[in-house]
2 protein chains.
Amino acid sequence: MALIRSVFQEELDGVSQSLVDLATMVTESMQKATSALLNAELSIAEEVISADEKIDTYQHELDSRIIDIIARQQPVASDLRALITALRMSADLERMGDLSHHIAKVARLRHPESAVPQELQSTIRTMGEVASKISEKVGTVIETRNTLMALELEKDDDEMDSLHRSLITVLTSGSWDKGVPSAIDITLLGRYYERFADHAVSVSRRVYFLVTGEFAPA
Amino acid sequence: MALIRSVFQEELDGVSQSLVDLATMVTESMQKATSALLNAELSIAEEVISADEKIDTYQHELDSRIIDIIARQQPVASDLRALITALRMSADLERMGDLSHHIAKVARLRHPESAVPQELQSTIRTMGEVASKISEKVGTVIETRNTLMALELEKDDDEMDSLHRSLITVLTSGSWDKGVPSAIDITLLGRYYERFADHAVSVSRRVYFLVTGEFAPA
């Protein structure tokens, strides 16, 4: 029985490590997507676009493994909840990868121009930095179950929301002279960064709940 | 044993019925949100916004029930997969509710004006009709496991994508004279309808896979 428990524990640790790996892939994707976007780097954009398939495959394999563990080990109560939560976290992380992929596609569409006009480069750069910081922290939160860091992510998300608002303010200020197509790009980009952070917060809240049994104060 | 199996089967049927109920709530939400948007009806927008909480609560209760069934019945193979798939479908349906809620919030924000200028009313009306048709069909697909109808949803989604493209074409045609704030509204609305349909297709593909063991041809 001790042996079975130990194999099971190893399997749970393996799931956790795979989620950390997914977070690492997503962070790299986001960093590259933002760089491709700001500097109109076509080859980097293409890298992110093809890496998304790897992220999807990695997630599908992880999900199959989790379902297989549930079927074989028939875990109850807290272990079952942890495995179901792992499925949800992998879905959030996969979606974060999709959003980096969307950003890279905007970069590719506008190449050789940058989709981001000069006056918004610094805001988008900061949104990219906050997004990368958030997904790095998500990896650490999954690995260490650090609930203080999980709470920090709520603040990071507030920072993202505030950057997003300032982006929309520039677009709607009346002095916007970059045209409607560019406003559409910026609107969608703003949404992608914001949703990326939302999914990261969702992952960190799930960890917080698993560890404490309580919902994180929003 | 026959009795246990029968209780279990009843529980599975109950899960399926709850997913159908969720699809019905989401369809109603989408219909009302579109009406609120096109006709600048504040009270209808408020109804959708407060109904979203009901949808979220319904989904959380359903998810708890599903996890409880897995814990008690310890299903293997196909039954376990069906229950995990039910969790994913409930997440998709909940997200469809969120997107209706987002549409209603745009309607509320622009009240007493309509957020949709006259020249785009017909396109958005059709997008709303396609969205409602899709989520109605999703309910039927879950209830009847009709794989032909599941495939129909792919075509409906193509129709949505084409409407979405025509929306963006109007915005970027150069003759757009409604200003950037209105272009931002329309960009986000287009995205909400498109994502709503994507999640519906995701649900119908999950049903298709459960029934046939194969991925739906895209």
**Message:** Here's a check for you: in region B:191-218, which residue that is touching a residue at least 24 places away in the same chain (Cβ under 8 Å) and acidic (Asp, Glu) is surrounded by the fewest Cβ atoms within 10 Å (Cβ to Cβ)?
**Reply:** B:198
**Prompt:** For residues in region A:149-190 being away from chain B (no Cβ under 12 Å) and among the polar types (S, T, N, Q), which is surrounded by the fewest Cβ atoms within 10 Å (Cβ to Cβ)?
**Reply:** A:162
**Complete:** The condition from (1) within 20 Å of residue A:188 (Cβ to Cβ); (2) touching a Phe, Trp or Tyr at 6+ places or on another chain (Cβ under 8 Å) that residue A:21 misses is numbered (1)
**Prompt:** Out of the residues in region B:131-148 that are among the hydrophobic types (A, V, I, L, M, F, W, C) and buried (at least 18 other Cβ atoms within 10 Å of the Cβ), which is farthest from residue B:203 (Cα to Cα)?
**Reply:** B:131
**Request:** Please find, within region B:64-123, the residue that is surrounded by the fewest Cβ atoms within 10 Å (Cβ to Cβ) out of those that are within 10 Å of another protein chain (Cβ to nearest Cβ) and not in a helix (DSSP H, G or I).
**Result:** B:76
**Asked** Residues in region B:145-162: is at least one outside any helix (DSSP H, G or I) and either modelled with pLDDT of 95 or more or under 18 Å from residue B:209 (Cβ atoms) (or both)?
**Response** yes
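The values are calculated or read from the model by the stated rules, or taken from the named source; none is laboratory data. Predicted model only: the values in this text are computed from it and were never measured. All Cβ positions, even for glycine, are placed from backbone atoms using ideal geometry, and neighbour counts span all protein chains on display.
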